[in-house]
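This report concerns only the one structure given below.
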Amino acid sequence: MTTAPIRILLQTTIPLVEDDWHIQRFSLLRDHLAGLRGEDGTPLFHVTARDRETATGPDPVISTIDRSDFDQLWLFAVDTGEGLDEADCAAIGRFRARGGGLLVTRDHMDLGSSVCSLGGVGRAHFFHSHNPDPDESRHVIDDSETSYILWPNYHSGANGDYQEIEPVAPPHPVLRDPDAPGGVIRYLPAHPHEGAVGAPADDPTARVIATGVSRESGRRFNLAVAFEPSGSIGPAIAQSTFHHFADYNWDTTSGCPGFVSEAPGNRLAQSPDAQRSIRRYARNLALWLAGRSPSA
């Protein structure tokens with residue numbers, strides 16, 4: 001019996017602005033997921049990728065996602081604080097309440113802070129001016145190259161490099177890789193100023209599943225928080241930066257917005273193991289968010 005493809009929505013929180021992190025800057029992720037096949041040769045995923053239609057007001061797709069046939073939402077919060085309308089947030093909440101899977105990711109300082117209005121997974125994201133990290137010892141500038149970017153801004157490496165991550169025991173299913181040494185994923189794309197995530201203290205379904213280390217300060221920081229499904233509530237992941245999924249971080253020849261000032265690296269392009277690990281992570285995420293085992 002053929003299994004229907006898992007329906008994924010890749011969505012940014014901004015309208016199309018050419019010199020910004022619009023959805024076409026995540027095309028390598030889109031194509032990778034859309035190209036994966038099951039054992040019977042049929043597509044594992046049907047992928048829709050889009051930006052917001054307007055800068056303000058409810059988005060026609062997001063504000064009705066709970067009534068859609070999407071199985072999961074990958075939300076790339078690339079806004080400066082106004083990327084989600086109240087109706088969008090309410091619909092996303094209902095979407096997860098009816099079992100939908102949810103990935104929510106952002107970047108440094110206050111970039112993507114509209115996710116704070118989501119509640120639930122939104123509370124796992126710490127920003128400079130909104131929902132700051134409750135551990136004030138982490139309110140420090142970690143990336144000195146761009147001193148105008150305030151905390152959180154963990155420096156895991158140059159865009160175009162990879163970082164070696166530490167899975168938190170026991171390894172979560174999204175981090176398992178039977179083809180890798182130790183059976184776990186060890187690499188994600190690097191970024192000069194990652195955001196901050198943590199498990200809400202009052203949510204027993206949430207835990208940190210992977211950490212990284214700043215190449216500048218040596219500080220250890222959280223990369224991903226998993227929220228296990230509970231009852232009818234769907235699974236979710238809070239990720240420290242959308243740069244783990246952006247074209248520029250998978251392949252710097254893809255280009256980037258003009259405001260990116262840091263010199264890129266090339267370590268990822270030289271490492272087939274890291275490239276495979278990163279794509280395996282995206283596959284695992286998509287399967288786990290759909291309630292399927294990613295270990296095969």
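Assorted remarks:
- Candidate set from region 280-296 (those that are farther than 20 Å from residue 75 by Cβ and of a type in the set (Lys, Arg)); member that is surrounded by the most Cβ atoms within 10 Å (Cβ to Cβ): 280
- Which numbered condition residue 56 fails, given (1) closer than 18 Å to residue 117 by Cβ; (2) within 19 Å of the chain's Cα centre (by Cα); (3) surrounded by fewer than 16 Cβ atoms within 10 Å (Cβ to Cβ): (2)
- Out of 32, 46, one residue alone is part of a helix (DSSP H, G or I), under 19 Å from the mean Cα position of the chain (by Cα), in contact (Cβ under 8 Å) with a residue 24 or more places away in the chain and surrounded by fewer than 19 Cβ atoms within 10 Å (Cβ to Cβ). It is 32.
- Boolean, residue 105 is among the hydroxyl-bearing types (Ser, Thr, Tyr) and buried (at least 21 other Cβ atoms within 10 Å of the Cβ): yes
- Some residue of region 157-168 being touching a Ser or Thr at 6+ places or on another chain (Cβ under 9 Å), of a type in the set (A, V, I, L, M, F, W, C), in a loop (DSSP other than H, G, I, E, B) and surrounded by fewer than 20 Cβ atoms within 10 Å (Cβ to Cβ): yes
- The residue list 261, 240, 277, 232 contains one member that is surrounded by fewer than 19 Cβ atoms within 10 Å (Cβ to Cβ), out of contact with any helix residue (DSSP H, G or I) (no Cβ under 8 Å at 6 or more places or on another chain) and in contact (Cβ under 8 Å) with a residue 40 or more places away in the chain, which is 261.
- Wholly enclosed strands (runs of 3 or more DSSP E) of region 199-296 bearing at least 3 residues among the β-branched types (Val, Ile, Thr): 206-213
- Among the residues of region 243-255, those identified as in contact with a Leu (Cβ under 9 Å, 6 or more places away or on another chain) and under 20 Å from residue 125 (Cβ atoms) are 244, 245, 246, 249.
Condition check ((1) modelled with pLDDT of 95 or more; (2) part of a loop (DSSP other than H, G, I, E, B); (3) aromatic (Phe, Trp, Tyr)) across all residues:
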{"position": "84", "(1), (2), (3)": "yes, yes, no"}
{"position": "93", "(1), (2), (3)": "yes, no, no"}
{"position": "103", "(1), (2), (3)": "yes, no, no"}
{"position": "109", "(1), (2), (3)": "yes, yes, no"}
{"position": "143", "(1), (2), (3)": "no, yes, no"}
{"position": "151", "(1), (2), (3)": "yes, yes, yes"}
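- Of all residues in region 178-197, those satisfying the criterion of being assigned to a loop (DSSP other than H, G, I, E, B) and buried (at least 22 other Cβ atoms within 10 Å of the Cβ) are 185, 190, 191, 192, 193, 195.
- Total residues in region 140-156, condition crowded, with 17+ Cβ neighbours inside 10 Å and either closer than 11 Å to residue 209 by Cβ or of a type in the set (D, E, K, R) (or both): 2
- In the condition set (1) in contact (Cβ under 8 Å) with a residue 60 or more places away in the chain; (2) β-branched (Val, Ile, Thr); (3) in a loop (DSSP other than H, G, I, E, B), residue 56 is compliant with all but (1).
- Just one of the listed residues (55, 90, 124) is closer than 29 Å to residue 292 by Cα, in contact with a strand residue (DSSP E or B) (Cβ under 7 Å, 6 or more places away or on another chain) and of a type in the set (Gly, Ala, Ser), and it is 124.
The values are calculated or read from the model by the stated rules, or taken from the named source; none is laboratory data. All of these numbers come straight from a predicted model, not from anything done at the bench. Every residue, glycine among them, receives a Cβ derived from its backbone with ideal geometry; neighbour counts consider all protein chains shown.
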